[in-house]
Amino acid sequence: MEDPPPPADHVLRPHHIALLSILMTAFKDHEVKKFPAPFALHIYRVLLNEISEISQPKTHEELLLEVCTGPSADADECAEFKIVIRSIHEDLDKIDKMANFFGNVPGLFVVKNIEVQPRLIPRSIFGYFCRRCFITFTKLSFIGLNKLCEDYAAWCAGDSSAGYDIVHKEDLYSNLLMFKTQGDRTSWAKPIFYEKWEKHTAIGDENVAVESLRQFFEQHFHESHDSGYRPHALLNLVRMHYIEGEYVAARQFLSEAIVTARTIGDRITLHHCTSLMNRLPNENPGQRPILHAIQADIHPLEILFDVSKLMDEENDQPLSAAFHKIFQAVGLFDHWLDVQFALPSENQEWASHSVQSMVWREAGCDKLAALEENIVITFMEPGTDNNNRLAIILNKAYKQARQGKYTEALALLIDPSTWCGLILHDYGQWAYQIWRILTLRATRRGQFRLYRELLLPRRPDAAFNEKEYLFNVDGDKMSTIRESLYQTLQLRQLDQVTSGTEYLLQAIWHSEFLGRFNLYRTCIILLADIGLEFGMSKRSRRILEEILPQVINGEELEQRAVACFTLARCIIVAGESESTSDALQEALPYLLVAESDFLTLEMYQSLKDVQYMLSVVYHNLDLQDERQKAAQRHADSENKHQELERQVSDEEIHRMFELVATVGDALATRR
């Protein structure tokens with residue numbers, strides 16, 4: 001590859017004229033020095049932001065509004081300045097007036113007497129900008145100047161696209177310049193096509209996105225016949241297919257990218273390609289995934305992705321291995337910043353915290369997981385297409401829903417800072433999480449008809465397993481521990497406790513070995529419940545009392561409710577041979593906790609069981625008033641349960657689906 005291309009071309013745009021008019025008005029006779037200091041500082045800041053072009057140029061109205069609404073803008077010294085800049089565009093509607101305007105620009109940075117200080121130092125940012133605009137103006141032909149006047153007038157009238165079209169440099173069609181330099185005869189690569197690629201990828205327009213990517217990499221980057229960037233084009237294409245879950249196409253293009261990168265000796269791109277190849281699902285079932293070794297050129301996020309492979313229960317790896325990988329990823333990220341001087345990235349900086357929150361939750365440390373989630377949500381910018389922040393919010397919302405806070409969970413998801421800026425693929429995940437929360441609430445309430453007739457037909461296209469919500473249904477096999485727990489609970493529903501014992505013991509062994517202590521606690525509670533069925537009430541009570549300190553805080557509300565209800569039954573049965581009254585008194589607080597938790601979760605079938613048990617306990621303790629209240633609560637729960645069972649439509653759910661559709665339409669049609 002030869003020398004890099006020359007600096008980017010400078011094309012006069014309408015906003016350049018607006019900035020020049022503000023500069024000429026503000027620095028005429030050093031007028032800016034007469035302004036109040038806060039207003040003068042505000043003008044400097046606005047001009048610096050616009051001249052540096054670190055973001056899209058503001059429209060004419062936006063630019064004037066921002067300049068004229070600064071601090072101390074109401075001072076008398078600023079009145080004339082604001083009037084002039086609001087009306088100066090009306091005096092530039094003809095070619096001769098525009099030419100005279102640019103003819104006065106050199107007066108800002110050129111003086112006849114060398115002893116006199118110019119208004120703008122030529123090498124300053126403002127001076128360099130004025131000089132560059134003036135030189136570009138002197139190269140314009142009459143046709144080019146006429147087009148500039150027309151574009152400027154249209155831009156000031158509100159047409160934000162006027163004057164921002166791509167300039168073609170073909171000799172047969174380019175008649176805008178009268179004097180051409182060598183750079184004006186050669187078209188160099190522009191980022192506009194890559195911008196189109198990113199935009200259309202975000203909204204799911206695959207055909208236009210691929211065409212924009214092709215146009216970008218077919219541009220003139222340097223004088224060599226082969227740009228050497230073909231692996232980059234293929235790598236971008238692979239990432240698009242990978243995000244969409246099109247793994248066959250991704251594997252095909254990735255193989256081509258690896259061969260191309262090896263041919264031209266692009267070692268960095270080759271590392272990216274091979275790392276992405278290791279992310280794809282294995283073609284051979286049962287084959288263990290490949291884990292990355294620490295290397296200087298490997299990206300820290302690839303090491304971090306290995307955590308997901310280690311957390312897959314099918315690979316039989318304890319969570320300690322996942323934490324070890326997280327430490328490696330953090331260390332490699334620091335190495336990239338300190339040794340390789342890579343540019344810091346917000347996405348990469350907080351990615352490790354996102355992964356840690358998920359690992360801590362699997363380990364049963366919900367408070368640590370919530371801490372990591374809050375770090376990511378607090379420090380990552382909202383309203384962007386950042387997948388790390390979205391994943392954390394989705395997990396946090398579903399956790400809130402599992403705690404019975406359905407309204408708070410839905411409010412978190414429909415907040416504009418959550419969905420604004422999402423790419424179309426992430427929008428699908430967002431919509432599916434809303435559906436999951438609505439389905440969780442409906443199935444917990446016992447609204448199975450509502451689930452079948454309203455929710456299930458409107459399910460977003462995503463990986464779905466009906467076993468997560470219902471018994472006696474067909475579905476894909478879940479992870480090892482959850483599948484064993486599902487079989488245990490299903491057999492228990494069918495009064496086949498003995499047959500479910502083997503599944504439960506498998507779940508206990510795997511959850512303890514793999515460090516999934518949240519699931520381990522659930523297994524222990526079920527073991528105590530089965531032990532109670534077999535008449536081992538004292539042993540079951542001892543098991544629950546050992547595990548109770550870990551669940552009593554209510555970090556998993558359903559788990560605490562079941563544990564307290566089971567413990568209360570164990571205490572009552574174990575106390576029959578001793579003092580029944582003392583056993584009933586001891587079991588009473590646990591029943592009240594279970595009642596409160598099931599009421600919060602809106603699990604009315606379980607709530608009725610607890611309330612029935614409470615009424616029996618109060619009756620045996622000769623507490624007639626409390627018994628009547630418990631019986632009344634049981635009757636109210638029964639009525640509420642029957643009312644929800646009969647419900648086949650829900651206005652709130654319909655409004656939620658309408659909102660999801662509106663958001664999807666807005667994201668797909670954004671510009």
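The values are calculated or read from the model by the stated rules, or taken from the named source; none is laboratory data. Just so we're clear, the structure is a prediction, and the values are computed from it rather than from any experiment. FYI the Cβ positions are ideal-geometry reconstructions off the backbone, even for glycines, and counts take in every protein chain you see.
Answer with yes or no whether Ala153 is buried (at least 17 other Cβ atoms within 10 Å of the Cβ), modelled with pLDDT of 85 or more and touching a Lys or Arg at 6+ places or on another chain (Cβ under 8 Å). So Ala153 does not fit the description; no. Checking each residue in the range 566-624 for being among the aromatic types (Phe, Trp, Tyr) and closer than 26 Å to Leu438 by Cβ picks out Phe598, Tyr604. The residues of the range 537-580 that are outside any helix (DSSP H, G or I) and on the phi < 0 side of the Ramachandran plot, listed by number, are Ile552, Asn553, Glu555, Glu556, Gly575, Glu576, Ser577, Glu578, Ser579.
Scanning the range 96-135 for residues that are part of a helix (DSSP H, G or I) and touching an Asp or Glu at 6+ places or on another chain (Cβ under 9 Å) yields a count of 2. From the list Glu626, Glu555, the one residue that fits, being out of contact with any Pro (no Cβ under 6 Å at 6 or more places or on another chain) and touching a residue at least 60 places away in the same chain (Cβ under 8 Å), is Glu555. Exactly one residue out of Leu410, Leu422, Leu438 is in contact (Cβ under 8 Å) with a residue 40 or more places away in the chain, hydrophobic (A, V, I, L, M, F, W, C) and either part of a loop (DSSP other than H, G, I, E, B) or touching a Pro at 6+ places or on another chain (Cβ under 6 Å) (or both), and it is Leu422.
Between Leu621, Leu607, the distinction of being hydrophobic (A, V, I, L, M, F, W, C) and crowded, with 20+ Cβ neighbours inside 10 Å belongs to Leu607 only. Given the criteria in a helix (DSSP H, G or I), surrounded by 15 or more Cβ atoms within 10 Å (Cβ to Cβ), of a type in the set (S, T, N, Q) and at pLDDT below 90, does Ser227 qualify? Taking the combined requirement at face value, the residue does not satisfy it.
Here His220 meets each of (1) in the same structural domain as Thr59 (by TED's automatic domain parsing); (2) modelled with pLDDT under 70; (3) surrounded by fewer than 16 Cβ atoms within 10 Å (Cβ to Cβ); (4) of a type outside the set (Asp, Glu) with one exception, condition (1).
Restricting attention to the range 15-53 and to residues that are at pLDDT below 85 and charged (D, E, K, R), the residue that is farthest from the chain's Cα centre (by Cα) turns out to be Asp29.
Comparison of Lys97, Lys112 shows that the only residue that is among the basic types (Lys, Arg), modelled with pLDDT of 85 or more and surrounded by fewer than 14 Cβ atoms within 10 Å (Cβ to Cβ) is Lys97.
Name every residue in the range 63-85 that is out of contact with any helix residue (DSSP H, G or I) (no Cβ under 8 Å at 6 or more places or on another chain) and closer than 20 Å to Leu41 by Cβ, in order of residue number. Leu65, Thr69, Asp74, Asp76, Ala79, Glu80 - these are the residues of the range 63-85 that are out of contact with any helix residue (DSSP H, G or I) (no Cβ under 8 Å at 6 or more places or on another chain) and closer than 20 Å to Leu41 by Cβ.
Scanning the range 484-518 for residues that are over 22 Å from Gly531 (Cβ atoms) and either part of a loop (DSSP other than H, G, I, E, B) or without any contact (Cβ under 8 Å) to a residue 12 or more places away in the chain (or both) yields one hit, Gly515.
Any idea which of (1) under 27 Å from Met240 (Cα atoms); (2) out of contact with any Pro (no Cβ under 9 Å at 6 or more places or on another chain); (3) at pLDDT below 90; (4) surrounded by 14 or more Cβ atoms within 10 Å (Cβ to Cβ) is the one Asp461 doesn't satisfy? Condition not satisfied by Asp461: (4). Could you grab the pairs with beta carbons closer than 9 Å, sequence gap of 6+ or different chains, first residue in the range 286-305 and acidic (Asp, Glu), second one in a loop (DSSP other than H, G, I, E, B)? Within 9 Å, the pairs are Asp297/Gln340; Glu302/His292. Is there a residue being β-branched (Val, Ile, Thr), more than 26 Å from Ala202 (Cβ to Cβ) and either at pLDDT below 85 or assigned by TED's automatic domain parsing to the domain that holds Glu211 (or both) anywhere in the range 242-250? No, there is no match, as no residue in the range 242-250 is β-branched (Val, Ile, Thr), more than 26 Å from Ala202 (Cβ to Cβ) and either at pLDDT below 85 or assigned by TED's automatic domain parsing to the domain that holds Glu211 (or both). Taking the criterion of being among the aliphatic types (A, V, I, L, M), in a loop (DSSP other than H, G, I, E, B) and touching a residue at least 12 places away in the same chain (Cβ under 8 Å), the residues of the range 452-477 that qualify are Ala462, Leu470.
Has the range 85-92 got at least one residue that is assigned to a helix (DSSP H, G or I), under 25 Å from Ile192 (Cα atoms) and at pLDDT 85 or above? Looking for residues that are assigned to a helix (DSSP H, G or I), under 25 Å from Ile192 (Cα atoms) and at pLDDT 85 or above, one finds none in the range 85-92, hence no.
Here Ile572 meets each of (1) over 30 Å from Ala369 (Cα atoms); (2) in contact with a helix residue (DSSP H, G or I) (Cβ under 7 Å, 6 or more places away or on another chain); (3) surrounded by fewer than 18 Cβ atoms within 10 Å (Cβ to Cβ) with one exception, condition (3). Do we find that Glu283 is among the acidic types (Asp, Glu), surrounded by fewer than 18 Cβ atoms within 10 Å (Cβ to Cβ) and out of contact with any strand residue (DSSP E or B) (no Cβ under 9 Å at 6 or more places or on another chain) in this structure? Considered against the rule, which asks whether it is among the acidic types (Asp, Glu), surrounded by fewer than 18 Cβ atoms within 10 Å (Cβ to Cβ) and out of contact with any strand residue (DSSP E or B) (no Cβ under 9 Å at 6 or more places or on another chain), Glu283 comes out as yes.
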